[in-house]
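**Student:** This is the structure I have questions about; it appears just below.
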Amino acid sequence: MKSSRIETIDIFRAFTMLMMLFVNDFAGMEGIPHWMHHAVMTEDMLGFSDLVFPAFLFCVGLSIPFSVAARKKKGDTDAQVILHVIERSAFLIVMGLFSMNGKAPEGGIPRYLLSIAVVVSYFLLWNSYPKAQGGRKWLYRALKFIGAATLVAIVLYKDFNGIHFSHGWWGILGLIGWAYGICSIIYIFIQGCLEKALFAWGGVTLLCILNTLPCIPKDWSINALFLNFYPGGWTHPAFVMAGTAASAALMKYSAPSYKKHAFPLTMVFLAAIMLCLAIASHQIWIISKMQATPSWLFYSLAIFFPVLAFLYWICDIKGKTSWADFMKPAGTATLTAYMLPSIWYAVMSAFELHYPHTFSYGGPGLLRSFVFGLAIIGITWCLGKLHIKLKL
């Protein structure tokens with residue numbers, strides 16, 4: 001490899017983040033094709049919106065091998081890397097909990113103010129502050145303390161008003177945190193071996209299948225001990241482990257000793273296997289993001305693998321990356337881009353702002369949502385220049 005950073009991963013993640021901003025903004029909009037929405041709970045459909053969250057999980061997996069390698073290069077032991085993983089996972093879970101507990105007390109602080117306070121606290125606590133000495137170093141520590149204290153105060157404030165925090169379904173960030181944590185720890189014990197990564201991915205996928213098999217009663221001990229203890233089931237970690245295995249293959253096949261087409265062909269081969277498994281599993285399960293079915297897993301991966309192969313061929317073999325420059329900030333400051341819309345939606349709620357009807361329906365509405373996503377990425381870039389960037 002020419003460098004430890006693979007352009008393909010950042011661009012895949014950036015595009016996924018742009019699509020997440022896009023679909024979150026047009027959620028619930030009328031006058032657009034049904035296939036662009038999420039499928040409902042019992043609907044047998046893979047909507048465009050149903051691909052975005054698993055793509056994000058896949059990106060999380062793609063980053064794990066390179067993240068672990070970077071920490072090892074700095075001299076961290078396995079124990080130190082595991083502690084770092086647990087810390088990052090815990091922070092994501094905390095963010096997920098706050099996102100799922102946004103209700104405000106009747107007659108108290110408005111919800112939009114609480115939402116802004118939570119997001120600002122995230123930036124104070126988990127901002128990527130530049131290295132500093134003396135007074136500036138203490139200033140950054142004080143800002144971190146203010147962020148943490150504000151989050152604790154919000155929890156206590158809600159408790160005093162009878163609105164207690166509950167985990168529910170953990171939220172998007174919470175589910176990512178759980179999946180990231182377990183898959184990262186698995187990978188640390190794999191020590192970068194591609195064969196072991198593929199085996200681990202197969203094991204997690206098997207747990208996903210067993211967890212959703214209708215023939216296994218939910219009250220059986222096997223469910224309590226192996227299948228149901230993980231929040232949200234095992235489909236989400238299966239996406240992350242798929243990305244981890246793909247990234248392990250990328251690290252191996254991008255070496256000069258392998259031919260350039262080794263990695264793309266491997267991804268196409270895996271996509272073919274996923275498509276066969278998707279067709280077979282569809283005989284048992286409907287395609288459902290809401291139910292996290294194996295058929296949803298396999299059909300999604302049958303799309304992600306060839307997309308990854310194509311991006312690698314264009315970006316890292318041909319070296320053509322300038323076409324993606326406009327969205328790259330979303331690939332390197334993903335969490336920042338994810339959080340910023342919450343502030344805008346809170347501002348709209350505070351001042352009772354609404355988009356013109358023309359841009360709230362159909363094609364013009366979709367255009368508005370896409371432009372909104374680009375605007376958020378632009379703001380993310382500007383904030384990065386000011387050293388404002390969420391980094392766990």
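The values are calculated or read from the model by the stated rules, or taken from the named source; none is laboratory data. Here the structure is a predicted model, which means the values were calculated and not measured. For neighbour counting, all protein chains shown are included, and Cβ atoms are generated from backbone atoms with ideal geometry for every residue, glycine included. Keep in mind that these areas ignore ligands, DNA and RNA; they rest on the heavy atoms of the full protein, side chains included. Shrake-Rupley method; radii C 1.70, N 1.55, O 1.52, S 1.80 Å.
**Student:** Right, Ala27: on the phi < 0 side of the Ramachandran plot and surrounded by fewer than 16 Cβ atoms within 10 Å (Cβ to Cβ) or not?
**Tutor:** Judged against the criteria, Ala27 is a match.
**Student:** Which members of segment 222-275 meet the condition of being within 30 Å of Trp170 (Cα to Cα), β-branched (Val, Ile, Thr) and modelled with pLDDT of 90 or more?
**Tutor:** Thr235, Val240, Thr244
**Student:** Answer yes or no as to whether Ser121 is open to solvent by less than 20 Å² (accessible area, probe 1.4 Å) and either in contact with an Asp or Glu (Cβ under 6 Å, 6 or more places away or on another chain) or closer than 30 Å to Ala242 by Cα (or both). Walk me through it before giving the result.
**Tutor:** Working: open to solvent by less than 20 Å² (accessible area, probe 1.4 Å): yes; either in contact with an Asp or Glu (Cβ under 6 Å, 6 or more places away or on another chain) or closer than 30 Å to Ala242 by Cα (or both): no.
So Ser121 fails the test.
**Student:** Inside segment 100-115, can you point out the residues that are of a type outside the set (Gly, Ala, Ser) and surrounded by fewer than 18 Cβ atoms within 10 Å (Cβ to Cβ)? Explain how you work it out, then say what you get.
**Tutor:** Within segment 100-115, the first condition is being of a type outside the set (Gly, Ala, Ser), and the residues that meet it are 100-101, 103, 105-106, 109-114.
Within segment 100-115, Lys103, Pro105, Glu106, Ile109, Pro110, Arg111, Leu113 qualify.
**Student:** What tally of residues in segment 277-307 results from selecting those that are open to solvent by 70 Å² or more (accessible area, probe 1.4 Å) and of a type outside the set (A, V, I, L, M)?
**Tutor:** 2
**Student:** Let me confirm something: among Phe58, Phe66, Phe12, Phe22, which residue is among the aromatic types (Phe, Trp, Tyr), under 18 Å from Phe189 (Cβ atoms) and in contact (Cβ under 8 Å) with a residue 40 or more places away in the chain?
**Tutor:** Values: Phe58 fails: under 18 Å from Phe189 (Cβ atoms); Phe12 fails: under 18 Å from Phe189 (Cβ atoms); Phe22 fails: under 18 Å from Phe189 (Cβ atoms).
It is Phe66.
**Student:** How many residues does segment 189-218 contain that are in a helix (DSSP H, G or I), open to solvent by less than 40 Å² (accessible area, probe 1.4 Å), among the hydrophobic types (A, V, I, L, M, F, W, C) and farther than 19 Å from Met251 by Cβ?
**Tutor:** Residues that pass the stated criteria total 2.
**Student:** Separate question: With the structure loaded, tell me whether Phe310 is modelled with pLDDT of 95 or more, within 24 Å of the chain's Cα centre (by Cα) and surrounded by fewer than 16 Cβ atoms within 10 Å (Cβ to Cβ) or whether it fails that test.
**Tutor:** Working: modelled with pLDDT of 95 or more: yes; within 24 Å of the chain's Cα centre (by Cα): yes; surrounded by fewer than 16 Cβ atoms within 10 Å (Cβ to Cβ): yes.
Considered against the rule, which asks whether it is modelled with pLDDT of 95 or more, within 24 Å of the chain's Cα centre (by Cα) and surrounded by fewer than 16 Cβ atoms within 10 Å (Cβ to Cβ), Phe310 comes out as yes.
**Student:** Turning to a different aspect of this structure: Mind listing whichever residues of segment 163-180 are open to solvent by 10 Å² or more (accessible area, probe 1.4 Å), within 21 Å of the chain's Cα centre (by Cα) and not hydrophobic (A, V, I, L, M, F, W, C)?
**Tutor:** His167, Gly168, Tyr180
**Student:** Of the residues Trp178, Trp169, which is on the phi < 0 side of the Ramachandran plot and part of a helix (DSSP H, G or I)?
**Tutor:** Trp178
**Student:** While we're on this one: If Gly147 passes every condition in (1) surrounded by 14 or more Cβ atoms within 10 Å (Cβ to Cβ); (2) at pLDDT below 95 but one, which one does it miss?
**Tutor:** All conditions are met except number (2).
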